[in-house]
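J.: Take this structure first; my questions come after.
The values are calculated or read from the model by the stated rules, or taken from the named source; none is laboratory data. As the structure is a computational prediction, the values presented were derived from the model and not from experiment. When we count neighbours, we look across all protein chains shown, and the Cβ atoms used for this are built from the backbone with ideal geometry, even at glycine. These accessible areas exclude ligands, DNA and RNA; they are computed on the full protein's heavy atoms, side chains included. Shrake-Rupley method; radii C 1.70, N 1.55, O 1.52, S 1.80 Å.
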Amino acid sequence: MFILADEFVSRETTHIKMEKLSHCPVCENSSFRPFLQGYDFFLTQEEYSIVICNNCRMKYLNPRPDAREIGKYYESPDYVSHDAGQKNRLNFLYKLARNISIKKKYKLVKYYARRKRLLDIGCGTGEFIFFCKQKGFRVTGIEPGEKPRAFAQTAYNLDVHEEDYFENMTTQEFDVITLWHVLEHVHQLNERINKILEILNSDGSLIIAVPNCDSWDAGHYGKYWAAYDLPRHLYHFSQETMQILADKHGLKIEKVIPMKLDAYYISLLSEKYEKGKQNYFRAVMNGIRSNNSARRNNKNYSSLIYVMKKENN
Ligand SMILES: [Zn+2]
């Protein structure tokens, strides 16, 4: 299959501009085949295709909404990572899990940051960097969403900027740069990583958390797997493809750490997408099954954190 680069087509139903990728965003090979047809269960119910690279087995959304259009897919008030005021049950659980995970993330960042200078890309409403700031870190956040950015600035008085600011940064000044479930949303994947490497100290750490498409829950739920999150998730990384991406950018993966709570949250959402309602019991059971399976099977947890350093260090 070969498709011209930078070709744009209009989606007939919604008039969303779609971008067709001619190459694998990880290995640049131009050969790929269909992997899965799924839907935007969360917002539009539109159908999307994930393809798999014939060379490196990277799975990615193709075609995908153009970068200028993707904002429309984050507009629902339900999109929890971009919302601070909703009060439903799922959101309550989400926030509970978030508070637990903020502490876990902080411990990790603290371990790797020698000089307490942190950049969090895609910081959302800023709870994580606010926590780090209270612990003595000097923090900067990048958040493309206008509402969450404004919330982080006003509610927590944080130094949070839009993407343009990030693109214009030049000083190598950060000890740790974090992307918590963000890399899978980024259109300019390689350009963004290059910029990150420009502003990360030579002995600094890059911490990337992404869903794992080799997890038990991904296999179990198939097209209903909530972490496909079409079309907001553009890439579906495995440990294998993350290694290829790291090599490409001169990064070495120091450590791979599980995010065990994600198995429950993703199972709960996937149950909802598959059966139309939230089944807490089944979500807990499948969360346990996923984590148990990962323990035996190459640490393939629902989501993984990769700690990376520059090769030359
Ligand atoms: Zn590839």
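J.: Hey, can you grab everything whose amide H is under 5 Å from the amide H of Lys255? Only 5+ residues off in sequence or another chain; H modelled, so Pro and N-termini drop out.
T.: Val307
J.: Moving to a separate point now. At 1.4 Å probe size, with the rest of the protein present, what percent of the exposed accessible area of region 189-310 is carbon and sulfur atoms?
T.: 50 percent
J.: If you don't mind, another one. If you restrict to DSSP beta bridges whose two residues both lie in the chain, what percentage is antiparallel, to the nearest 5?
T.: Taking every DSSP beta bridge within the chain, about 65 percent pair in antiparallel fashion.
J.: Which value, in Å² and to the nearest 10, is the accessible area of Arg149 when all protein chains are kept and the probe is 1.4 Å?
T.: Spelled out: Arg149, probe radius 1.4 Å, area about 30 Å².
J.: For n ≥ 4 DSSP H runs only, could you compute -39500 (n - 2.57) per run for the chain, divide by its residues and tell me the 222 nm figure to the nearest 500?
T.: Helices in the chain give a 222 nm mean residue ellipticity of -10500 deg cm²/dmol.
J.: With all protein chains present, how much of the accessible area of region 97-165 (probe radius 1.4 Å) comes from carbon and sulfur, to the nearest whole percent? Intermediate results must be reported in sequence, preceding the final value.
T.: Working: 1810 of 3690 Å².
Ligands and nucleic acids excluded, carbon and sulfur reach 49 percent.
J.: Mind scanning Lys59/Lys260; Lys105/Lys277; Lys252/Lys299; Lys195/Lys248; Lys116/Lys260 and naming the pairs with a C-alpha gap bigger than 24 Å?
T.: Numbers: Lys59/Lys260 22 Å; Lys105/Lys277 31 Å; Lys252/Lys299 18 Å; Lys195/Lys248 14 Å; Lys116/Lys260 26 Å.
Cα-Cα > 24 Å for Lys105/Lys277; Lys116/Lys260; rest within.
J.: Apply the Karplus parameterisation 6.51 cos²θ - 1.76 cosθ + 1.60, with θ equal to phi minus 60°, to every residue of region 33-41 and state each ³J(HN,Hα) to the nearest whole Hz, in sequence, with x for glycine and proline.
T.: 9, x, 10, 7, 9, x, 10, 7, 5
J.: Moving on. List every residue whose amide H lies under 5 Å from the amide H of Phe35, counting only residues 5 or more places away in sequence or on a different chain, with H placed 1.01 Å from N in the peptide plane.
T.: Long-range HN contacts for Phe35: Ile50, Val51, Ile52.
J.: Additional query: Please give the per residue accessible area of the chain, computed with a probe of 1.4 Å over protein heavy atoms only, in Å².
T.: 46 Å²
J.: If each of Asn99 and Lys299 carries a label point 7 Å out from its Cα toward its Cβ, how far apart are those two points in nm?
T.: Label at Asn99, label at Lys299, 3.0 nm between them.
J.: Using a 1.4 Å probe on the protein heavy atoms only, what accessible surface does Ser293 show? Give it in Å² to the nearest 10.
T.: 20 Å²
J.: Can you order the peptides 55-66, 169-180 by their average number of other Cβ atoms within 10 Å per residue, highest first?
T.: Details: 55-66: 21.1, 169-180: 18.7.
Result, highest mean first: 55-66, 169-180.
J.: Once you put a point 7 Å from the Cα of Glu254 and another 7 Å from the Cα of Tyr165, both along the Cβ direction, what distance in nm separates them?
T.: Output for this residue pair reads 2.6 nm.
J.: Over the chain, what is the relative contact order in percent, taking alpha-carbon pairs closer than 8 angstrom and at least six residues apart?
T.: 16 percent
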